[in-house]
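Participant: Okay, handing you the structure first.
The values are calculated or read from the model by the stated rules, or taken from the named source; none is laboratory data. Computed from a predicted structure; not experimentally measured. For neighbour counting, all protein chains shown are included, and Cβ atoms are generated from backbone atoms with ideal geometry for every residue, glycine included.
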Amino acid sequence: MTADLLTTVAAPGVRARRRPVTLVTCLVILGLALFAALFGHLLYPSATQVNVLQAQLPPGSPGHLLGTDQLGRDIVALSVAGTASTLIGPLVVAGGSMLLGTFFGLLAGFWQGKTDFLLSRLTDLLLALPVVLLGVVVAGIFGASYWWTTVLLIVVFAPYDIRIVRAGVIEQVTKPYVESARLLRLSPWRIMLRHLLVNLWPLERTNFLLNYANAIIAMSALSFLGVGVQQGTANWGRQLIDGEQILFSNPAASIAPAVLIIVVACAVNLLADALNADDRKAAGR
């Protein structure tokens with residue numbers, strides 16, 4: 001019983017120590033990813049250069065820590081150089097879907113009525129679309145373009161943002177500060193942009209980070225299917241399918257990008273969770 005009591009008393013302190021460590025770890029990981037995205041092409045300018053004389057070298061080969069792929073490209077150099085194409089597109093997806101979701105979510109939640117009905121039905125329609133099949137169709141019509149894939153994912157992710165913002169607005173519009181703004185005859189747009197949006201920011205920030213992590217996985221999955229990133233491009237998702245061909249001679253060609261995708265996506269998710277926990281703690285004071 002005494003041991004259980006000590007564990008219970010010590011648990012908050014343990015959690016308090018763990019969360020900053022987790023937060024710092026996530027920030028370090030994302031900082032390294034940002035550095036690689038900005039300067040990876042400078043660190044390894046010849047990462048995509050083909051050298052068939054050094055093809056399929058195993059990990060630990062001289063000058064190639066993780067070996068090379070079937071085209072003789074160094075796995076470490078290719079992974080660092082592919083950070084930009086892997087992370088920039090999902091960032092645009094998360095930002096674009098947040099903007100669309102915020103705009104239409106504010107309209108649906110604030111005006112309600114017919115506006116809410118039409119936007120909700122459109123949202124339901126978009127949510128029913130299969131992402132992978134839609135990606136293949138878009139690739140067939142417009143070509144397997146990186147930016148067309150980005151636009152597609154913005155459209156697919158936006159309905160989730162619309163629903164979340166709409167729910168947040170419906171919760172806020174009944175509060176006294178909104179009623180006071182209406183009594184002062186402030187314009188609806190001013191109420192939405194100057195008052196509601198400020199109070200929705202913690203929700204938006206958390207959802208943005210979650211969308212970013214999901215977009216990293218979605219774009220990598222589409223790249224694995226050959227949609228979005230052309231063959232020969234330095235990209236973690238593309239490395240997965242390229243490395244599949246030499247999985248037994250050099251498994252690091254597929255394992256390295258897979259681990260990077262998981263680590264970065266988990267770091268973004270944990271960062272969102274830590275920030276959300278801070279918001280809840282601040283709101284409870």
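Participant: What helices (runs of 4 or more DSSP H) lie completely within the range 72-137 and have 1 or more residues being surrounded by fewer than 16 Cβ atoms within 10 Å (Cβ to Cβ)? Full working, then the answer.
Facilitator: Details: elements: 75-81, 83-111, 113-127.
Filter on the range 72-137 gives 83-111, 113-127.
Participant: Please list, ordered by first then second residue, the pairs with beta carbon atoms under 7 Å, 6 or more apart or interchain, first in the range 115-131 and among the polar types (S, T, N, Q), second assigned to a helix (DSSP H, G or I) and modelled with pLDDT of 85 or more.
Facilitator: Every condition considered, the pairs that remain are Thr115/Leu107; Thr115/Ala108; Ser120/Ala108; Thr123/Pro159; Thr123/Ile162; Thr123/Arg163.
Participant: If I go through the range 178-225 residue by residue, how many of them are over 18 Å from the mean Cα position of the chain (by Cα) and either within 30 Å of Arg238 (Cα to Cα) or of a type in the set (Val, Ile, Thr) (or both)?
Facilitator: So the count comes out to 4.
Participant: Here's a follow-up. Looking at (1) over 20 Å from Ala94 (Cα atoms); (2) surrounded by 14 or more Cβ atoms within 10 Å (Cβ to Cβ); (3) among the aromatic types (Phe, Trp, Tyr), which is the one condition that is false for Tyr212?
Facilitator: (1)
Participant: Here's another thing I want to ask about it. Has the range 55-66 got any residue that is farther than 21 Å from Ile241 by Cα and among the hydrophobic types (A, V, I, L, M, F, W, C)? Can you show your working first?
Facilitator: Restricting attention to the range 55-66, the residues satisfying the condition of being farther than 21 Å from Ile241 by Cα are 60-63.
Keeping just the survivors that are among the hydrophobic types (A, V, I, L, M, F, W, C) gives none.
Checked against the condition, which is being farther than 21 Å from Ile241 by Cα and among the hydrophobic types (A, V, I, L, M, F, W, C), the range 55-66 yields no hits at all.
Participant: In contact with a Ser or Thr (Cβ under 9 Å, 6 or more places away or on another chain), over 26 Å from Val151 (Cβ atoms) and either at pLDDT below 90 or not hydroxyl-bearing (Ser, Thr, Tyr) (or both): is that true of Pro62 in this structure?
Facilitator: Numbers: in contact with a Ser or Thr (Cβ under 9 Å, 6 or more places away or on another chain): no; over 26 Å from Val151 (Cβ atoms): yes; either at pLDDT below 90 or not hydroxyl-bearing (Ser, Thr, Tyr) (or both): yes.
No, not satisfied.
Participant: Turning to a different aspect of this structure: Which residue is modelled with the lowest pLDDT, if the candidates are limited to the range 1-45 and must be surrounded by 11 or more Cβ atoms within 10 Å (Cβ to Cβ) and assigned to a loop (DSSP other than H, G, I, E, B)?
Facilitator: Pro45
Participant: Continuing with the same structure: Those residues that are surrounded by fewer than 18 Cβ atoms within 10 Å (Cβ to Cβ) and not hydroxyl-bearing (Ser, Thr, Tyr), I need them from the range 226-257; list them, please. First the steps, then the outcome.
Facilitator: Of all residues in the range 226-257, those surrounded by fewer than 18 Cβ atoms within 10 Å (Cβ to Cβ) come to 226, 230-232, 241, 244-245, 247-249, 251, 255.
Matches in the range 226-257: Gly226, Gln230, Gln231, Gly232, Ile241, Glu244, Gln245, Leu247, Phe248, Pro251, Ile255.
Participant: Filter the range 138-183 down to the residues that are touching a Phe, Trp or Tyr at 6+ places or on another chain (Cβ under 7 Å) and surrounded by 14 or more Cβ atoms within 10 Å (Cβ to Cβ) and list them by number.
Facilitator: Step one: of the range 138-183, the residues touching a Phe, Trp or Tyr at 6+ places or on another chain (Cβ under 7 Å) are 138, 142, 148, 162, 169, 173.
If the condition is that a residue be touching a Phe, Trp or Tyr at 6+ places or on another chain (Cβ under 7 Å) and surrounded by 14 or more Cβ atoms within 10 Å (Cβ to Cβ), then Val138, Trp148, Ile162, Val169, Val173 are the ones that fit.
Participant: What pairs come up if the first residue lies in the range 24-46 and is closer than 18 Å to Ile88 by Cβ, the second is charged (D, E, K, R) and not in a helix (DSSP H, G or I), and their beta carbons are under 8 Å apart, counting only those six or more places apart or on different chains?
Facilitator: Close Cβ pairs (under 8 Å, with a partner that is charged (D, E, K, R) and not in a helix (DSSP H, G or I)) amount to Tyr44/Asp74.
Participant: Something else now. Just to be sure, is Ile217 out of contact with any Asp or Glu (no Cβ under 6 Å at 6 or more places or on another chain), assigned to a helix (DSSP H, G or I), buried (at least 23 other Cβ atoms within 10 Å of the Cβ) and of a type in the set (A, V, I, L, M)?
Facilitator: Numbers: out of contact with any Asp or Glu (no Cβ under 6 Å at 6 or more places or on another chain): yes; assigned to a helix (DSSP H, G or I): yes; buried (at least 23 other Cβ atoms within 10 Å of the Cβ): no; of a type in the set (A, V, I, L, M): yes.
Judged against the criteria, Ile217 is not a match.
Participant: Taking the range 259-273 as the region of interest, how many residues are of a type outside the set (Val, Ile, Thr) and surrounded by fewer than 18 Cβ atoms within 10 Å (Cβ to Cβ)? Before the answer, list the steps.
Facilitator: Step one: filter the range 259-273 for residues of a type outside the set (Val, Ile, Thr), giving 260, 265-267, 269-273.
When the remaining residues are screened for being surrounded by fewer than 18 Cβ atoms within 10 Å (Cβ to Cβ), the result is 266, 269, 273.
Here the count works out to 3.
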